[in-house]
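Structure record follows, encoded as structure tokens.
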Amino acid sequence: MHAWPASEVPALPGQGLPLRVFDTATSSVRAIVPEGPTARLYVCGITPYDATHLGHAATYNTFDLVQRVWKDAGHDVLYVQNVTDVDDPLLERAVATGQDWTELAARETALFREDMTALRMLPPAHYVGAVESIPWIVPLVKQLLATGAAYELDGDIYFSVDADPRFGEVSGLGRDAMMPVFAERGGDPQRPGKKHPLDALLWLSARPGEPAWDTELGHGRPGWHIECVAIALKYLGMSFDIQGGGSDLSFPHHEMGAAHAQVATGEHPYAQAYVHAGMVALDGHKMSKSRGNLVFVSKLRREGVDPAAIRLALLAHHYRSDWEWTEQDLAQAEKRLALWRAAVSRPDGPPAEGMLAEMRAALAEDLDAPGALEAVDRWAAAQAADGGEDIGAPGLVSRAVDALLGVAL
Ligand code: 5CA
Ligand code: ZN
């Protein structure tokens, strides 16, 4: 499917620093060094049964920063994102609201594109739906069956977690700790007949009233984890640089994805690093479509909120922290945006090269966006205090804020 239009990334003088970022698998901040000129990034996309909320936006903002740091350091970026356009929650919502599931998915995906465009998130080179990836999922599942890593149960096909000696490496969880999380996040540990309770669905045979496709695996539809693996392997190959998503995806989704891919290809690792954004909450609970405690990006936009202010509100929190959205977040971001805009609208100002260096240093060290904002705040405060005579400074600040933070002043 098509992605959304790219906003231009202005060129900056000099070059940014290599990216260091927290990798869940090693529990450490590590330098992520792409093998060649092109850095490869896969970010898990939405399940399109409801509109984009601020939690989604915060997660996509995180990986937008990753791309901006890489580009600033001289890399090309090959970015892939999926859309889980057939899965249980989408089908359940369609039935509950009497809608056609394809129309629901198409409408919410279109709204997501609009939100991403408004927020100036860089688009993926390949934006791929689960449905369109079925032709690559089928051979991958066949390969897992052939190696004995997958088995059939009443027409469904499961991945055997015992087939991967490295299982647990991504999340760092032991099997006892995995159990309740697996049950909470779409797994079926109780199903009788499974070889291990943690075994994950690769393929579901057709259920009455649900969509299904005729394939060599039978009449059915794909499981969730294998969808992302098939898309990532098709467009990025093994050992791509970063597998990204929110922290709720580290287990089971990214753990299973790594296991599926490593067992199917016989290669390791699936990704060089697994990077996870913290969860955004509202009213004391993680914002989630199933709970319904949501603030939608599109609703804020309709109310006339400047998307640049939404983006600044997200950037004010470090990507790894869990945080709660309040009205204050937006009010502070609007105030900051107004100050910055006033500062760059003057014909000259204090030199900004130091600010650029500080922004680069902050972002390269585990995407410290709050640190980058403070660097701009300091420049704006100096501008307000006694101005300066560097006629290039306001333009450089505008370009730096746009190129590195995706905020148009
Ligand atoms: N389609 C799958 C991934 S393959 C999925 O998880 N879809 S989603 O719509 O539920 O979430 C999309 C992305 O937003 C995921 O990376 C998820 O981790 C992230 N996300 C969901 N809720 C929040 C939240 N409250 N805060 C931060 N990120 C969130
Ligand atoms: Zn995914």
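Of Gly304, Gly292, all but one fail to be assigned to a loop (DSSP other than H, G, I, E, B), away from ligand 1 (no atom under 15 Å from the Cβ) and more than 21 Å from Gly223 (Cβ to Cβ); the exception is Gly304. Every listed requirement among (1) surrounded by 20 or more Cβ atoms within 10 Å (Cβ to Cβ); (2) more than 16 Å from ligand 2 (Cβ to nearest atom); (3) assigned to a helix (DSSP H, G or I); (4) touching a residue at least 60 places away in the same chain (Cβ under 8 Å) is met by Gln143 save one, (1).
Being within 16 Å of ligand 2 (Cβ to nearest atom), in contact (Cβ under 8 Å) with a residue 24 or more places away in the chain, part of a helix (DSSP H, G or I) and not aromatic (Phe, Trp, Tyr) is a property that Glu132 has. If you go through the stretch 48-84 and keep only what is touching a residue at least 60 places away in the same chain (Cβ under 8 Å), among the polar types (S, T, N, Q) and either touching a strand residue (DSSP E or B) at 6+ places or on another chain (Cβ under 7 Å) or closer than 23 Å to Ala130 by Cβ (or both), you end up with Thr52, Thr59, Thr62, Gln81, Asn82, Thr84.
Restricting attention to the stretch 217-261, the residues that are more than 23 Å from Trp70 (Cα to Cα) and more than 16 Å from ligand 2 (Cβ to nearest atom) total 4. Can you find even one residue in the stretch 70-88 that is within 15 Å of ligand 2 (Cβ to nearest atom) and at pLDDT below 95? Yes, the stretch 70-88 contains at least one residue that is within 15 Å of ligand 2 (Cβ to nearest atom) and at pLDDT below 95. When the residues of the stretch 26-51 are filtered to those that are part of a loop (DSSP other than H, G, I, E, B) and within 16 Å of ligand 2 (Cβ to nearest atom), the one that is nearest to Thr109 (Cα to Cα) is Pro48. The residue that is farthest from ligand 1 (Cβ to nearest atom), counting only those in the stretch 22-76 that are under 21 Å from Arg311 (Cβ atoms) and polar (S, T, N, Q), is Gln67. Tell me yes or no: at least one residue of the stretch 316-339 is crowded, with 18+ Cβ neighbours inside 10 Å, closer than 22 Å to Leu17 by Cβ and of a type in the set (A, V, I, L, M). Within the stretch 316-339, not a single residue is crowded, with 18+ Cβ neighbours inside 10 Å, closer than 22 Å to Leu17 by Cβ and of a type in the set (A, V, I, L, M). All of (1) assigned to a helix (DSSP H, G or I); (2) away from ligand 1 (no atom under 14 Å from the Cβ); (3) in contact (Cβ under 8 Å) with a residue 60 or more places away in the chain hold for Cys228 with one exception: (2). Inside the stretch 68-89, residues that are surrounded by fewer than 23 Cβ atoms within 10 Å (Cβ to Cβ) and over 20 Å from Val297 (Cα atoms) make up a count of 12.
The values are calculated or read from the model by the stated rules, or taken from the named source; none is laboratory data. Quick caveat: nothing in here was measured; it's all calculated off a predicted structure. Cβ coordinates were reconstructed from backbone atoms using ideal geometry, including for glycine residues, and neighbour counts include every protein chain displayed.
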